[in-house]
Amino acid sequence: MPGAEMVLHRRISLLLFLCSSPLVNSLIFLWLITCWSGPIVFAAGNSTKAACDRRCVANDRVEKELFSPPQNDNCTIVVNITSIQYQMLSFDTKGMEMTSRIKINMEWMDPDLGWINERYRFPTIILPVDKIWIPGIVLDNGVDTTVEPYTKDVQVRRDGTVTHAVVLFTTVSCEINLFSYPFVTGSCPVAINGWSQKSCELKLQIADNVSTVPSSGGEWQVLSVNKIVDSSERVYLEVELSINSFGAVVTLILPSVLIMLADLVSFALPFEGGERNSLKVTLVLSFTMFLLILNDHLPNGGRCSPLLHYHFSFCLVCLVVSMLTSIVLTRLSVEDSFLLCRRHSAKIHPSNNSKTQHDSLDQEKDTGVITRKSGDLASEVASLQKIVYFLENLDKEVEEKKSQVAFAYRLDRFCFGFFLSIYIIYVIIIISITRTDICKVNNLDFWHNSNFGDYHFYYLYGDP
């Protein structure tokens, strides 16, 4: 059967030709693999996909236990502070301390946390904040600082960039010029910085993105918060503050002015009866109470002690002098001297003297009647002379009393004019002093007093 053999020969040749082609061989190989182990391969592929999700990558980074900071060749860690949110919680005027809440968003590079050279396709993952290294932040002028993570997770990108946010509850020492209190505006620095120990350093690069959160800080208000770079390239936040003066004016300044005005008007009261003295003693006691309130509210010392301290001291001295003056005038209206050792009789009021004199006159009249009954003319003449002498002395004492009272009133008018002129001069001096800047403070002295040459510990700063 030559025809059948020819056909078989052609088929074998065609099969050999197809088998010799690389493309056909690949297709045949894939077909055979698919037919023989297709289900197993797909199962394995599904298992690999399930094991390499975001959690798989995150767990792989957690297992590395990267609790130490990333350390490159120069042992420098650069942390970029992308934004700062500032909120003042309170300001202690007496202790000159400011309590704040500061939210800081920051980024840094940790190559060991990245997977850019691996087959994982995820752009970001989430890691627990307590499973990796987190940079520490130092406040140079901080009295008490507490750092808390804003969330319990951090975000890590493919290249190893870590994004995290922390919240600082800090109390900083801040000296503000209170000389013109309560009309005060000032600034308080918040020095958020990195650290350096020997050859390694943590360098902060603070951006200009600083925002404020409205808050009720009592009488103090935040005007603005700005990033400042001084001549030594030190970076800090400058918090501009001002006082709402309404409360201090109503509780301190206005009562003191009204008390001094009441003391000045009290000169219109008569001083003989003692009503003026009682009023002045009440004013002194009332002013002492306001002085205690002032001492509890404002600092007692410092380079720029509030002018209000001197004002209250001056007013208290004037009130006491005015009270003593009124007491002396009351004494002079009764006696010719205010010294007790020079009092010769117990003359307290003219009515008492008149009563005594009338009693003596009655006695003399009775004596005269008895004398006339005896018929002794000489004795009667002597009695009449005594009566005339007594009446002359009585008129003389009344004139002396009127003269003493008139002198006391003249002296009282002089004292009123004296105190009025003193108060006017004092007001002019106070207005002049408050318009001049005679006291200045340096809020950055905590840097000036530090030792920048310390080999073991010094601060570094940087800008983005």
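The values are calculated or read from the model by the stated rules, or taken from the named source; none is laboratory data. Everything numeric here is computed off the predicted structure, so don't read it as measured data. All Cβ positions, even for glycine, are placed from backbone atoms using ideal geometry, and neighbour counts span all protein chains on display. In case anyone asks, the SASA skips ligands and DNA or RNA and just uses the protein heavy atoms, side chains included. Shrake-Rupley method; radii C 1.70, N 1.55, O 1.52, S 1.80 Å.
Within segment 282-305, how many residues are touching a residue at least 24 places away in the same chain (Cβ under 8 Å), open to solvent by 60 Å² or more (accessible area, probe 1.4 Å) and not in a loop (DSSP other than H, G, I, E, B)? Can you show your working first?
At the first step, the residues of segment 282-305 found to be touching a residue at least 24 places away in the same chain (Cβ under 8 Å) are 283-284, 286-288, 290-291, 293-294, 296-299, 302-305.
Narrowing further to those that are open to solvent by 60 Å² or more (accessible area, probe 1.4 Å): 293, 296-297, 302-303.
Subsequent filtering for residues that are not in a loop (DSSP other than H, G, I, E, B) retains 293, 296-297.
Number satisfying all stated conditions: 3.
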I'd like the full set of residues that are modelled with pLDDT under 90 and β-branched (Val, Ile, Thr), limited to segment 233-242.
Val235
So for segment 223-230 (the condition being modelled with pLDDT of 85 or more and out of contact with any Asp or Glu (no Cβ under 8 Å at 6 or more places or on another chain)), does at least one residue qualify?
no
When the residues of segment 253-307 are filtered to those that are of a type outside the set (Ser, Thr, Tyr), farther than 17 Å from Met323 by Cα and touching a Pro at 6+ places or on another chain (Cβ under 8 Å), which remaining residue is modelled with the lowest pLDDT?
Pro299
Just need a number here: residues in segment 389-438 that are under 60 Å from the mean Cα position of the chain (by Cα), farther than 23 Å from Cys318 by Cβ, exposed (fewer than 13 other Cβ atoms within 10 Å of the Cβ) and among the hydrophobic types (A, V, I, L, M, F, W, C).
2
Regarding segment 170-182, can at least one residue be identified that is open to solvent by 30 Å² or more (accessible area, probe 1.4 Å), touching a strand residue (DSSP E or B) at 6+ places or on another chain (Cβ under 9 Å) and modelled with pLDDT of 90 or more?
no
Checking Lys131 against (1) of a type outside the set (Asp, Glu); (2) open to solvent by 40 Å² or more (accessible area, probe 1.4 Å); (3) in contact with a Leu (Cβ under 6 Å, 6 or more places away or on another chain), which test does it fail?
(3)
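Residues being open to solvent by less than 50 Å² (accessible area, probe 1.4 Å) and in a helix (DSSP H, G or I): count how many of those fall in segment 266-279. I'd like the intermediate steps shown before the answer.
The first filter runs over segment 266-279 and keeps only residues open to solvent by less than 50 Å² (accessible area, probe 1.4 Å), leaving 266-267, 271, 274, 276-277.
So of that shortlist, the ones also in a helix (DSSP H, G or I) come out as 266-267, 276-277.
Total meeting the criteria: 4.
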Conditions (1) touching a Lys or Arg at 6+ places or on another chain (Cβ under 9 Å); (2) open to solvent by less than 40 Å² (accessible area, probe 1.4 Å) -> Val213 fails only (2)
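Take Leu252 and tell me if it is surrounded by 13 or more Cβ atoms within 10 Å (Cβ to Cβ) and over 28 Å from Val328 (Cβ atoms).
Details: surrounded by 13 or more Cβ atoms within 10 Å (Cβ to Cβ): yes; over 28 Å from Val328 (Cβ atoms): yes.
Yes: the conditions hold for Leu252.
Determine if segment 155-165 includes at least one residue that is within 21 Å of the chain's Cα centre (by Cα) and not in a loop (DSSP other than H, G, I, E, B).
No, segment 155-165 has no match at all.
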Hey, any hits in segment 42-53 for a residue that's polar (S, T, N, Q), open to solvent by 90 Å² or more (accessible area, probe 1.4 Å), over 30 Å from Val154 (Cβ atoms) and at pLDDT below 55?
yes
So Glu233 ticks every box in (1) free of Cβ contacts under 8 Å to residues at least 40 places away in the same chain; (2) open to solvent by 70 Å² or more (accessible area, probe 1.4 Å) but one. Which box is left unticked?
(1)
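Taking the options Gly142, Gly114, Gly95, Gly160, name whichever one is touching a residue at least 24 places away in the same chain (Cβ under 8 Å), small (Gly, Ala, Ser) and surrounded by fewer than 13 Cβ atoms within 10 Å (Cβ to Cβ). Spell out how you get there, then give the answer.
Numbers: Gly142 fails: surrounded by fewer than 13 Cβ atoms within 10 Å (Cβ to Cβ); Gly114 fails: surrounded by fewer than 13 Cβ atoms within 10 Å (Cβ to Cβ); Gly160 fails: surrounded by fewer than 13 Cβ atoms within 10 Å (Cβ to Cβ).
One residue alone meets the criteria, Gly95.
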